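Have a look at the structure below, then the notes.
The values are calculated or read from the model by the stated rules, or taken from the named source; none is laboratory data. All values reported here derive from a predicted model rather than from experimental measurement. Because the Cβ atoms are built from the backbone with ideal geometry, glycine has one as well, and the counts that use them run over all protein chains shown.
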Amino acid sequence: MRRLTGGVAKKKKPSAKAVEFQLPIICDADTLRSLVRKKAVRVVDVRKADDYTNEHIPTAVSLPLARILENDAPDKVVEILCELGISDRMPVVVYDDTFGALAARVAWTFQYVGHANTALLEMTFKQWKELGMETEKRPNKYPRASHSLAVNSNIHADAKYVESAKSEPGKLLVDSRERLNFLTEHIPGAKNIPYTMVGANGSILRRAEELKRMIENRGIQNDSEIITYCGSVGTLSGLTYYALKLAGFQNVKLYPKSFKEWKSLGKPKEEFKDANYWDLSAE
């Protein structure tokens, strides 16, 4: 396990609350407000920098998704965590204004490099404001922290892994794109759970029991190993990844390079040549 350190500046020891509080997969607004008041959480805003500058959740730091995508090597991601003042066990809550998809991709990336105590805010920033929650305009910067690098390969899949998994019993690919895109072309053997199905009014994800029922109705068993993918960078499939986790599915991986890489590598594709109305509407 590697540790990136914060240099010579002496940093304050994290409070016991910050170390001990373990976040759920989805963090509700009241819990986040309480943690913010106690200064026991790092809130991460993954919208564009200009949107953050205009207004954001109190104490939040800015980390546009584009920066993560440009620096997605694990050691570079850990360097970003250090820069944002995030130590190993500090609770982190991520939010966006794009139905949770951008936040999901960043949260998954944090967990992939070893920051397990990361959650998605249950709502978008727009919904936060509509509920009359506190906001601020002042940018936030915190003392540099130190953070270990402990890659969690159990939640990651690359093209080679996907190619071997798609024909193995007990392993299943889930395509998170909209139905028409899936029918046009997809990785052979994949099932379709459009990202539009996992959310609910007022929350980026449905309740756990609703998600579980919807997923099982598609013939997906709880003991399956599931690999999610989408069109390009793993945002939509990141949201589906967390939907599966919230529904109680334990063995879930994300293929972050997704279908864009799969096609660029010349891998086999499958399509419905004679899709009918029921195929298109089977959501």
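This table checks each residue for (1) in a loop (DSSP other than H, G, I, E, B); (2) surrounded by fewer than 20 Cβ atoms within 10 Å (Cβ to Cβ); (3) modelled with pLDDT under 95.
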| residue | (1), (2), (3) |
| --- | --- |
| 231 | yes, yes, no |
| 239 | no, no, no |
| 243 | no, no, no |
| 253 | no, no, no |
| 261 | no, yes, no |
| 266 | yes, yes, no |
| 275 | yes, yes, yes |
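When only residues in the stretch 168-182 that are touching a residue at least 40 places away in the same chain (Cβ under 8 Å), assigned to a loop (DSSP other than H, G, I, E, B) and out of contact with any Gly (no Cβ under 7 Å at 6 or more places or on another chain) count, which is nearest to residue 222 (Cα to Cα)? Please lay out each step first, then the result.
Filtering the stretch 168-182 down to residues touching a residue at least 40 places away in the same chain (Cβ under 8 Å) leaves 170-177, 179-181.
Restricting the remaining residues to those that are assigned to a loop (DSSP other than H, G, I, E, B) gives 170, 176-177.
With out of contact with any Gly (no Cβ under 7 Å at 6 or more places or on another chain) added as a condition, the list becomes 170, 176.
Details: 170: 10, 176: 18 Å.
Filtering first and then ranking leaves 170.
Look at the stretch 183-200 and say how many of its residues are crowded, with 17+ Cβ neighbours inside 10 Å, touching a strand residue (DSSP E or B) at 6+ places or on another chain (Cβ under 9 Å) and assigned to a loop (DSSP other than H, G, I, E, B).
Matching residues across the stretch 183-200 total 4.
Check residue 95 against each of (1) at pLDDT 95 or above; (2) surrounded by fewer than 24 Cβ atoms within 10 Å (Cβ to Cβ); (3) among the hydroxyl-bearing types (Ser, Thr, Tyr) and name the one condition it does not meet.
The failed condition is (2).
Determine if the stretch 212-222 includes at least one residue that is touching a Phe, Trp or Tyr at 6+ places or on another chain (Cβ under 6 Å), assigned to a helix (DSSP H, G or I), at pLDDT below 95 and not assigned by TED's automatic domain parsing to the domain that holds residue 100.
For the stretch 212-222, residues touching a Phe, Trp or Tyr at 6+ places or on another chain (Cβ under 6 Å), assigned to a helix (DSSP H, G or I), at pLDDT below 95 and not assigned by TED's automatic domain parsing to the domain that holds residue 100: absent.
Those residues that are of a type in the set (A, V, I, L, M) and in a helix (DSSP H, G or I), I need them from the stretch 80-135; list them, please.
Of everything in the stretch 80-135, those that are of a type in the set (A, V, I, L, M) and in a helix (DSSP H, G or I) turn out to be 80, 81, 101, 102, 103, 104, 106, 107.
Among the residues of the stretch 201-225 satisfying the criterion of being surrounded by fewer than 24 Cβ atoms within 10 Å (Cβ to Cβ) and aliphatic (A, V, I, L, M), which is nearest to the chain's Cα centre (by Cα)?
Only one residue tops the list, namely 208.
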